[in-house]
Amino acid sequence: MHKTFYQYLMTQRNPDSTESEAEFANNAFFDPQFPKQSKDFHEVSQYLELNAGYLPSMTIFDDSWQAYLASEA
């Protein structure tokens, strides 16, 4: 994997979208504590579970992580 999950997620940003992944990306952009250098599922997942009130469901993260992996294949 060449890019971090955060770098992938930023490619999904769209302030005009109501799609769940775009909203996740938009909110992560404004989260100064987001683990921007991580490529580790468990590290990002744990951070989101404990700190990301802006993520209504971890399923959104799981789906985004799968898309991230596919983009790196």
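Numerical summary
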{"read-out": "Region 39-70: number of residues that are surrounded by 13 or more Cβ atoms within 10 Å (Cβ to Cβ), of a type in the set (Ser, Thr, Tyr) and more than 17 Å from Tyr8 (Cβ to Cβ)", "value": "1"}
{"read-out": "Qualifying residue in region 1-21 (condition: in contact with a Lys or Arg (Cβ under 6 Å, 6 or more places away or on another chain) and open to solvent by 60 Å² or more (accessible area, probe 1.4 Å))", "value": "yes"}
{"read-out": "Meets criteria (without any contact (Cβ under 8 Å) to a residue 40 or more places away in the chain, part of a helix (DSSP H, G or I) and not aliphatic (A, V, I, L, M)) for Gln66", "value": "yes"}
{"read-out": "The listed residue being within 23 Å of Glu72 (Cβ to Cβ) and either in a loop (DSSP other than H, G, I, E, B) or not β-branched (Val, Ile, Thr) (or both), out of Pro15, Pro35", "value": "Pro35"}
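The values are calculated or read from the model by the stated rules, or taken from the named source; none is laboratory data. Just so we're clear, the structure is a prediction, and the values are computed from it rather than from any experiment. Neighbour counts are summed over all protein chains in view; Cβ atoms, including those assigned to glycine, are modelled from backbone coordinates with ideal geometry. Just the protein is used for accessible areas: all its heavy atoms, side chains included, with ligands, DNA and RNA removed. Shrake-Rupley method; radii C 1.70, N 1.55, O 1.52, S 1.80 Å.
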